[in-house]
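S.K.: Structure incoming, see below.
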Amino acid sequence: LCFGKRPWRGHTPLSEPLPYNTNLVKYASLLLRSRLAMAALPIRTGSSERCFVVESASSELVYFTLRSNSERPLIDGARPQCFVPRPGRCYSFCIPAAPSPRDRIRAARLHRTLQQRLSQEPFGARSRVLALLSYSAQEPVLESGFLVQSKQRSPETERSLEELLRLLLPAPALLSVYEEAEDGEVWRALWGLKAAEGKELLERRRVVAAEGPQLHPAAFHLFGTALFSSLGAAREVLEECTSLIPEAKAVLDVVDKCPKHPKKGDFPVIVVEGLDATGKTTVTQALKDSLNATLVRTPPPCVSQWRKIFDDEPTLIRRAFYALSNYLVASEIAKESMKSPVIVDRYWHSTAAYAIATEMSGKVENLPPLHHQVYHWPEDLLRPDIVLLLSISAEERIRRLQGRGLERTREEAELETNSVFRQKVEECYRRMENPACQPVDASPSREEVLKTALHLIKKHCHLV
């Protein structure tokens, strides 16, 4: 804790260093703890320091903030493009930030429930629902929520939304209502919803466009919400789920039976990554036969029976399950690599690439930059010798998918319909480090692809 010459909240500035004083140290410690505790609390007001970002239907990011009538806009003459013109209205709300692991689980499940309800009547047919984030450069709090666009002002839609928030959000629930004035400016009215009928107007502010930060606000919060840098971080999430999801206890029991720090054997470990229909099954089987290797898959059979259950959970829980699956696979890799080469069908790179692409709204340019820590391999996870990334053209991949009829996760299914999401996943693969992915064009014949893969393996694994 540093004491500078700039006063804080009215305190007298310090002109020279203070001598060591036990009471001063205690006070500083208390002050620091209180400031950190305040930072963990949800920001429930319309502070001008709060900014918002919405992902439009075209995957463009729209940033805006709030100002009083006397404050100048941050971008002169700019109007945020996420608000519908008169006579339409927009509504937004955020789920309060969760300071504890248990609260994070509840907030994540609440977010999923609200997303499902907003896709139903009367919202689904009359409105468009967009993902919204609320953040601040001054406070380490990111809140997620929704912006509901209603092209025609509908008392029924507004009343249903208020009832939904009273039912699901912690009291007092807050609802922002956006409406265009006659001069074309957009104003937000912040309403506090009372437990029963009725509401109270808390404040009214002008909505103005804001410049986006250099780094997407969600990038600072990926660890602990979608990515896990250690086994312990992922385990903590599933521990909090045991009372809600019985299968979470079963997964943890399997994890506890595995060695804590498995070591790789003398034989090479080769991971094969790639989107659906890029030829992973064909290539992994061919490599297994060519190298007389053992083939393992993620998630492993010991927990794959529960995959569908966790795929239906929110990102936080789903990603914790897949993260723990990687550590289970690591134990299997360690054991098998003492006897033969090991081929791994998907590993940590898949978990990370899909998580980053899902959580980072917007287009490819909004991803964390090259060499960002989210692309780095976890320190406590067994590393492979080489990672092969299979790729084919989008047209060829769709052709191969037709008629397969295989069960896929929501994210894998989204690859077919959302080209932006697919591009983000592919780019995340390319940005992975330590180890990086070695690209393999999977378009040619099976024999040519196998030849390329074996050449890379021999080069990186020093096989004769």
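The values are calculated or read from the model by the stated rules, or taken from the named source; none is laboratory data. Predicted model only: the values in this text are computed from it and were never measured. Here the Cβ is made from the backbone with ideal geometry for all residues, glycine too, and neighbour counts use every protein chain on show. All accessible areas refer to the heavy atoms of the entire protein, side chains included, with ligands and DNA or RNA removed. Shrake-Rupley method; radii C 1.70, N 1.55, O 1.52, S 1.80 Å.
S.K.: Roughly how many Å² is the accessible area per residue of region 155-210, as a whole number, for a 1.4 Å probe?
M.R.: Accessible area per residue: 49 Å².
S.K.: How large is ³J(HN,Hα), in whole Hz, for each residue of region 273-285 in order, when computed from phi with the Karplus curve 6.51 cos²θ - 1.76 cosθ + 1.60 and θ = phi - 60°, using x for Gly and Pro?
M.R.: 10, x, 5, 4, 6, 8, x, 4, 4, 5, 5, 4, 5
S.K.: Accessible area of region 261-419 with a 1.4 Å probe: how many percent of it is carbon plus sulfur?
M.R.: 49 percent
S.K.: Can you give me the accessible area per residue for region 250-343, using a 1.4 Å probe, in Å²?
M.R.: Per-residue value: 39 Å².
S.K.: By per-residue mean of other Cβ atoms within 10 Å, what is the highest-first order of 223-234, 203-214?
M.R.: The peptides rank, most packed first, as 223-234, 203-214.
S.K.: Could you please tell me the mean projected area of the C-alpha convex hull for region 153-261, averaged over all directions and given in square nanometres to one decimal?
M.R.: Quarter of the Cα hull surface area: 11.7 nm².
S.K.: Once you list every other residue whose beta carbon is under 14 Å from the beta carbon of ASP183, what net charge do they have if Lys and Arg are +1 and Asp and Glu are -1?
M.R.: Here the count lands on -1.
S.K.: Where both residues lie in region 159-290, what percent of DSSP beta bridges are antiparallel, nearest 5?
M.R.: Roughly 95 percent of the DSSP beta bridges within region 159-290 come out antiparallel.
S.K.: Considering only the other residues whose Cβ falls under 9 Å of the Cβ of THR298, what net charge follows from Lys and Arg at +1 and Asp and Glu at -1?
M.R.: Result for the neighbourhood of THR298: +1.
S.K.: At a Cα cut-off below 20 Å, give the aspartates and glutamates reachable from LYS257, other chains included and same-chain residues fewer than 8 away excluded.
M.R.: GLU236, GLU239, GLU240, GLU247, GLU332, GLU336, ASP380
S.K.: Which entries in the list LYS280/LYS424; LYS260/LYS424; LYS249/LYS363; LYS280/LYS451; LYS263/LYS458 go over 26 Å, if you measure between the two C-alpha atoms of each?
M.R.: Listed pairs above 26 Å: LYS260/LYS424; LYS249/LYS363.
S.K.: Next question. If you take the beta carbon distance between SER230 and SER58 as r and set R0 to 30 Å, what does 1/(1 + (r/R0)^6) give as a FRET efficiency, to the nearest 0.05?
M.R.: Given R0 = 30 Å and the Cβ-Cβ separation, E is 0.20.
S.K.: What order do you get for 190-200, 262-272, 417-427, 316-326 when each peptide is scored by the mean count of other beta carbon atoms within 10 Å, highest first?
M.R.: Put in order of decreasing packing, that is 316-326, 262-272, 417-427, 190-200.
S.K.: Also, I was wondering about something else. Quick one: what Rg and Dmax do you get for region 201-330 from the alpha carbons, in Å?
M.R.: So, for region 201-330, Rg and Dmax equal 19.9, 71 Å respectively.
S.K.: Here is a follow-up. Near the amide H of LEU382, under 5 Å away, which other amide H atoms are found, from residues 5 or more places off or on another chain, if H is placed in the peptide plane?
M.R.: It is none; the list stays empty.
S.K.: Follow-up question, since we're still on this one. Roughly how many whole Å is it from the C-alpha centroid of region 336-398 to that of region 146-169?
M.R.: 39 Å
S.K.: Points 7 angstrom from Cα along the Cβ direction at GLN116 and THR281: gap in nanometres?
M.R.: With each label point 7 Å from Cα toward Cβ, the separation is 3.0 nm.
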